[in-house]
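Below: one structure, written as structure tokens.
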């Protein structure tokens, strides 16, 4: 009788330890999935903070360069269309002023930056989208691990008993297969 009672006690203790361990494992999986989703949201926030600022910076440089090149072209057009010496002198003065601004920019920026800035912007966008993709993939991997954990027998019994339910994978919304547009 003592032997049977001891065996039953050992079995109950082992089952209790298994339940305790399984419960803690499910809690850990659930928390890991939440933490991974937070990383996805962090990358989304990075995108929302970074990209508009980069676009505005590139626009600013491109606008400045475009304004100078437009003023040079306008001065050249005025000079070639000038009929009198005063008109030619005024057009030449505009050209000198535009070239002076261009020289100041070239002293500060030996290579005009718009093409480099656009390339850098595209690189940042690509890097940001890759980071988001990686974190979403990691999130789905974590959800798969969690869902497997709650579906495998006998842990599925404990999961149901303690209210651990299946979680949804990240799925892209319809229309997101095309890249976001950047309007400069």
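The values are calculated or read from the model by the stated rules, or taken from the named source; none is laboratory data. Owing to the predicted nature of the structure, the values given are computational and were not obtained by experimental measurement. Here the Cβ positions follow ideal geometry from the backbone for every residue, glycine too, while neighbour counts run over all protein chains shown.
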Margin query: Every residue in the stretch 1-48 that is farther than 30 Å from residue 144 by Cα and assigned to a helix (DSSP H, G or I), please.
Written below: 2, 3, 4, 5, 6, 7, 8, 9, 10, 11, 12, 13
Note to self: With farther than 23 Å from residue 55 by Cβ, modelled with pLDDT of 80 or more and within 19 Å of the chain's Cα centre (by Cα) as the only criterion, which of 147, 130, 140 stands out?
What the structure shows: 140
Note to self: Being modelled with pLDDT of 75 or more and in contact with a helix residue (DSSP H, G or I) (Cβ under 8 Å, 6 or more places away or on another chain) narrows it down to one residue among 98, 71; which is it?
What the structure shows: 71
Next item on the list: Name every residue in the stretch 19-49 that is without any contact (Cβ under 8 Å) to a residue 60 or more places away in the chain and closer than 21 Å to residue 157 by Cα, in order of residue number.
Entry: 20, 21, 24, 27, 28, 31
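Each row is one residue, and each column tells you yes or no for (1) more than 30 Å from residue 135 (Cβ to Cβ); (2) surrounded by 13 or more Cβ atoms within 10 Å (Cβ to Cβ).
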{"residue": "38", "(1), (2)": "no, no"}
{"residue": "44", "(1), (2)": "no, yes"}
{"residue": "49", "(1), (2)": "no, no"}
{"residue": "56", "(1), (2)": "no, no"}
{"residue": "70", "(1), (2)": "yes, no"}
{"residue": "80", "(1), (2)": "yes, no"}
{"residue": "83", "(1), (2)": "yes, no"}
{"residue": "94", "(1), (2)": "yes, yes"}
{"residue": "97", "(1), (2)": "yes, yes"}
Item checked: First in the stretch 115-133 and farther than 17 Å from residue 57 by Cα, second anywhere and outside any helix (DSSP H, G or I) and modelled with pLDDT under 80, Cβ under 8 Å, 6 or more apart -> 129/179
Check: Could you list, in sequence order, the residues of the stretch 163-175 that are modelled with pLDDT under 90 and either out of contact with any helix residue (DSSP H, G or I) (no Cβ under 8 Å at 6 or more places or on another chain) or outside any loop (DSSP other than H, G, I, E, B) (or both)?
Finding: 171, 172, 173, 174, 175
